[in-house]
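Please treat every number below as a calculation from the coordinates, not as lab data. Predicted model, so just to flag it, every value in this text is computed and none were measured. Please note: Cβ atoms are built from the backbone with ideal geometry, for glycine as well, and neighbour counts cover all protein chains shown.
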């Protein structure tokens, strides 16, 4: 299985049998993205919430590729109204798909779509596939139930926002890692725009002092899990 980082909060998981799972594909309007929408194919698209820098290019990709979009119920209804395939879920719920299981968690954030309408709640996403658990926290502040999520899931890879202002900053993200206790954390949601500019090296140093491995991915970098 491979994990590729497109910058901001965007990722692609490619399973060993070739299934392509996108998360928060904000590409064409993203000044740091190394790829364009036309470069990407997807069987599934996971969306944490409706903000334009996360919903991103979901509709364009889903319509071209006939991707199945997986997200919170009200956002799912919005996407279905735009003519794409959707599997609606809600926080605390899990469902099995061809590639594995998805479970949604809470995230302390909003979920307004680019047309300025509120569509449900922001979420984090737990992805269970090929013996690994990947936890994409979405946009969130720090909350104590992260301890329970960590205790119940044995997270292999945590994708944690560190850019501050709209999400956790470095100090809160380090505490989130202490709560979840993943095998490895990858920092996300930073340096896309000036307001969320930060140094992931500082985060790496602080989190590794807690005995948690940290890998900073270059924009466009792909790793094997």
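Close contacts from the range 53-79, counting a first residue that is without any contact (Cβ under 8 Å) to a residue 24 or more places away in the chain and on the phi > 0 side of the Ramachandran plot and a second that is in a helix (DSSP H, G or I) and buried (at least 24 other Cβ atoms within 10 Å of the Cβ), with Cβ to Cβ under 7 Å and a gap of 6+ residues or different chains, come to none at all. Restricting the search to strands (runs of 3 or more DSSP E) fully inside the range 152-225 and requiring at least 1 residues that are surrounded by 16 or more Cβ atoms within 10 Å (Cβ to Cβ) gives 157-161, 184-188. Residue-level check: of (1) farther than 16 Å from residue 124 by Cβ; (2) buried (at least 18 other Cβ atoms within 10 Å of the Cβ); (3) out of contact with any strand residue (DSSP E or B) (no Cβ under 8 Å at 6 or more places or on another chain), residue 55 misses just (1). Counting residues in the range 204-225 that are under 17 Å from the mean Cα position of the chain (by Cα) and closer than 19 Å to residue 125 by Cα gives one or more. Criterion first (surrounded by fewer than 24 Cβ atoms within 10 Å (Cβ to Cβ) and touching a strand residue (DSSP E or B) at 6+ places or on another chain (Cβ under 7 Å)) does residue 87 satisfy it? Spelling it out, residue 87 is indeed surrounded by fewer than 24 Cβ atoms within 10 Å (Cβ to Cβ) and touching a strand residue (DSSP E or B) at 6+ places or on another chain (Cβ under 7 Å).
Check the range 125-140 and report whether any residue there is more than 20 Å from residue 225 (Cα to Cα), surrounded by 16 or more Cβ atoms within 10 Å (Cβ to Cβ) and free of Cβ contacts under 8 Å to residues at least 60 places away in the same chain. Checked the range 125-140: at least one residue is more than 20 Å from residue 225 (Cα to Cα), surrounded by 16 or more Cβ atoms within 10 Å (Cβ to Cβ) and free of Cβ contacts under 8 Å to residues at least 60 places away in the same chain.
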